[in-house]
Amino acid sequence: MRAGSPLAGTFTAVAMTAISACLSAVGALVLLALWHDPQTMAAIQSSGGLAEVFELPVLLIVPAAILGTLAGAVGATIRRWHSAF
């Protein structure tokens, strides 16, 4: 995206993280539907629980927004600096 704005980085990072969180949730649901025997459920529970599978990708939106903003600001600064010369 060549918007020249730090907000473009923020929007892109948040959008991509939200899309990947949705894909991750769908993938986890499909795998859980296929393999939900007691042994698998015990392994899920001992590794952080099922809630972590669905909550963690959504919680990553906050760091993605911060890093996207920083990347957008750096990109906008470099673009302005480069076009000045």
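Coordinate-derived values only; no laboratory data. All values reported here derive from a predicted model rather than from experimental measurement. Here the Cβ positions follow ideal geometry from the backbone for every residue, glycine too, while neighbour counts run over all protein chains shown.
At a glance:
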| quantity | calculated |
| --- | --- |
| Breaking point among (1) over 23 Å from THR77 (Cβ atoms); (2) more than 12 Å from the chain's Cα centre (by Cα), for PRO57 | (2) |
| Test: ALA28 is part of a helix (DSSP H, G or I), touching a Gly at 6+ places or on another chain (Cβ under 9 Å) and of a type outside the set (Val, Ile, Thr) | no |
| Positions within the range 47-85 being in a helix (DSSP H, G or I) and of a type in the set (Gly, Ala, Ser), in sequence order | ALA51, ALA64, ALA65, GLY68, ALA71, GLY72, ALA73, GLY75, ALA76, SER83, ALA84 |
